[in-house]
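The values are calculated or read from the model by the stated rules, or taken from the named source; none is laboratory data. The model shown is predicted, which means the values in this text are computed figures rather than measured ones. Quick reminder, even Gly has a Cβ in these numbers, built from the backbone with ideal geometry, and neighbours come from all protein chains shown. For the accessible areas, the whole protein counts, side chains as well, though only heavy atoms, and no ligand, DNA or RNA atoms are used. Shrake-Rupley method; radii C 1.70, N 1.55, O 1.52, S 1.80 Å.
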Amino acid sequence: MTSADTTRLARRITPALLFLFILGDVLGAGIYALVGELAAESGGMMWAPLMVALLMALLTAASYAELVTKYPKAGGAAIFAQRAFKRPIVSFVVGFSMLAAGVTSAAGLSIAFAGDYLATFVDVPTRIAAPVFLVLLALLNARGIKESVRSNVVMTVIEVSGLVLVIVAVAIAAGSGQGDPARLVELPPGTGAGTAILAGALLAFYSFVGFEVSANVAEEVQDVSRVYPRALFGALGVAGIVYALIGIGSALIMPPEDLSGSSSPLLDVVEATGVGVPDWLFSVIALVAVANGALLTMIMSSRLVYGMADEGLLPSVLTKVLPNRRTPWLAIVVTTVVAAGLTIIGDLAMLAETVVLLLLIVFVSTNLAVLVLRKDSVEHDHFRTPKVLPVLALITCAVLLSQQSLQVWLLGLGMVAIGVVLYFVTRGVRDTDRAEAGPADRSR
């Protein structure tokens, strides 16, 4: 038995299930909210930054494919960082960046939920509706993981059906002679193609993140060395095709200046096709999609807070659970309060770019870890990415980081700095407790 085969967990994730798991994480709610922002940045060429973002995501995905198949028991980017750099503070920063990205993403999605999709039914100010939405998600999260996961399965099916509906509606409209192909190369006034595509890619990258979560289930995948790379690249490829069709269809049917900045962009596109899909029906689909994405990120964030506290990396009080439900209620409360606060200080585009910034920190670490760990051999076969790909991935990460605004840098690094302070405070308290316990207690 090789090191890749030894595990205490049941390998019950089949190739098909892993593919659907990754596809569900990537093909998320971001596209429902960001098409309007993409139109503002890239005009009718919004499909181009989506393709550029896909290529950038594939470069880093190759690094994940190598590390996950090489260390199938690893728990993700933070563990890869610990293996490569052997410095707890580095792995903590990587893990906390993942946590901060999750909370920030949920805040952005709550703003999207509270926009024009919700206004189809009730007109409530975003600053009120977004926090209330997060509280409702927290209640579902606290009720139990079983209930949350069951809700996710249903919502994922609805979410994907909405994207398919948009593509079909555009195809019907285009087949009847609607649309203007010239819009596909139209740029915002006074903007060059390179600038428009790069600015759009910064936002579009947000729609492809999510694949990194799959590293956490590697130990439960059947024949992980063979299956994981195929499922990962296959899911990203399918997501890229869907996103490209959405981008092309949106620009084909609607002038980009009309779509620009819309908080219900895909509803606007469906309406413009004249296919006859009721506004309320598509709004329901979009609201479910956004709610699903926010629920998943809040589940991940609260469990990550609990896990880091349980490992002594964050204050131990965050490990408190509900007596009957056994859910980490205080971690849920803290992540919900932080997300609600972010909805007050940022808009959708700013929060999406902050998520990208935080995940780029994680991706830089992972791509460096691949190069550092090349000298570390294992007994089993695993995927091996060409060395040039993580190098190119690091370059693309640097390019995207250079495009972030000062405001985004301040917000992202501010959250990481708070985490670092908590880390050292927690370690200081723990060291003090050990010193007071005495040698006898420390030896237990």
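Largest GNM mean-square fluctuation across 276, 261, 247, computed for the chain with C-alpha springs under 10 Å, falls on 276. Just the protein heavy atoms count here, and of the accessible area of the chain at 1.4 Å, carbon and sulfur take up 65 percent. Heavy atoms of the protein chains alone define the surface here; on that basis the chain has 42 Å² accessible area per residue at 1.4 Å probe size. Result for the chain in a Gaussian network model with C-alpha springs under 10 Å: among 31, 299, 89, the largest mean-square fluctuation is at 89.
Our coupling estimate for the range 179-195, obtained by passing each phi through the Karplus curve with A = 6.51, B = -1.76, C = 1.60 and θ = phi - 60°, is x, 10, x, 5, 5, 5, 10, 7, 10, x, x, x, 10, x, 4, x, 5 Hz, Gly and Pro reported as x. The distance from the alpha carbon centre of the range 301-321 to that of the range 183-210 is 38 Å, rounded to a whole number. Per-residue 3J(HN,Hα) values for the range 337-342, derived from phi via the Karplus relation 6.51 cos²θ - 1.76 cosθ + 1.60 with θ = phi - 60°, read 5, 5, 4, 4, x, 5 Hz in sequence order (x marks Gly and Pro).
Taking the Cα centre of the chain as origin and assigning +1 to Lys and Arg Cβ atoms and -1 to Asp and Glu Cβ atoms, the resulting dipole is close to 1880 debye.
The aspartates and glutamates whose alpha-carbon is closer than 20 Å to the alpha-carbon of residue 375, local same-chain residues fewer than 8 away aside, are 66.
Starting from the Cα of residue 89, move 7 Å in the Cα-to-Cβ direction to define the label point; list residues of the range 406-436 whose amide nitrogen is under 18 Å from there. Those under the cut-off are 413-432. Here the extension length gained between residue 324 and residue 226 equals 31.2 nm, from 0.36 nm per residue of separation less the Cα-Cα distance. Charge dipole (Cα centre; +1 on Lys/Arg Cβ, -1 on Asp/Glu Cβ; no other charges) of the range 310-440 amounts to roughly 120 debye. Counting only DSSP H runs of at least 4 residues, each contributing -39500 (n - 2.57), and dividing by the residue count of the chain, the helix-based mean residue ellipticity at 222 nm comes to -24500 deg cm²/dmol.
Measure out, as a whole number of angstrom, how far apart the alpha-carbon centroids of the range 382-406 and the range 107-137 sit. The range 382-406 and the range 107-137 have Cα centres separated by 35 Å. Note on the chain: GNM, Cα springs under 10 Å; of 57, 369, 171, the largest mean-square fluctuation is that of 171.
Mean separation of Cα pairs under 8 Å and 6 or more residues apart, divided by the residue count, gives the chain a relative contact order of 36 percent.
Using θ = phi - 60° in the Karplus curve 6.51 cos²θ - 1.76 cosθ + 1.60, the 3J(HN,Hα) couplings for the range 410-416 round to 5, 5, x, 5, x, 5, 5 Hz; x is entered for Gly and Pro.
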